[in-house]
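Data block below; observations after.
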Amino acid sequence: MEERLLENARTAMERAYAPYSGFAVGAAVITDTGNIYAGCNIENASYGLTNCAERTAVFHMVMAGDHTVRGVAVIADTLEAVSPCGACRQVLAEFGSGAAPVFMANLRGEIRRATLGELLPYAFSGEDMDAHEE
Ligand code: THU
């Protein structure tokens, strides 16, 4: 799983649209059905509208009809293995369990491994709203 995911993330990195930061990121998710969806970061002249590679991969997955993330990979040309931002952790947590592995890598071949739960403990989820009364 790890090798295939990282390979897909690496290829996606080449699609990055990052004219403002010059920082290309690639990501990939694998689903419970074994499908892999990749994503790159997509920047905007209005900087705050930028979409990270991880979220692009998740949105790609949802658009294709899949909803369960079983593993994640992210890669960039960094000194140390790149780490998903907080917004992407929350979006990944919507579709993946805390046990799902996250492979964080750089082009030098370094890989840092963690789970979604380790990256985002006490994630906010739909269940948090169950006890809410209107
Ligand atoms: N970026 C990602 O795509 N994923 C991350 O986890 C961190 C940041 C992108 C957003 C922006 O295009 C560039 O990296 C610099 O922040």
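The values are calculated or read from the model by the stated rules, or taken from the named source; none is laboratory data. Quick caveat, the model's predicted, so the values are computed rather than measured. Cβ: placed from backbone, ideal geometry, glycine included. Neighbour counts: every protein chain shown. Surface accessibility is based on the protein's heavy atoms, side chains included, excluding ligands, DNA and RNA. Shrake-Rupley method; radii C 1.70, N 1.55, O 1.52, S 1.80 Å.
In table form, for the structure just shown:
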item	result
Matching option when the condition is over 23 Å from THR11 (Cα atoms), at pLDDT below 95, surrounded by fewer than 16 Cβ atoms within 10 Å (Cβ to Cβ) and more than 12 Å from the chain's Cα centre (by Cα), among GLU118, GLU127	GLU127
Tally, over the stretch 12-38, of residues that are farther than 18 Å from LEU116 by Cα, more than 7 Å from the ligand (Cβ to nearest atom) and either open to solvent by 70 Å² or more (accessible area, probe 1.4 Å) or part of a strand (DSSP E or B) (or both)	6
Residue within the stretch 65-82 that is on the phi < 0 side of the Ramachandran plot and out of contact with any strand residue (DSSP E or B) (no Cβ under 9 Å at 6 or more places or on another chain) present	no
Residue within the stretch 39-58 that is away from the ligand (no atom under 13 Å from the Cβ) and not in a loop (DSSP other than H, G, I, E, B) present	no
Residue count, the stretch 66-97 (criterion: open to solvent by less than 40 Å² (accessible area, probe 1.4 Å) and part of a loop (DSSP other than H, G, I, E, B))	5
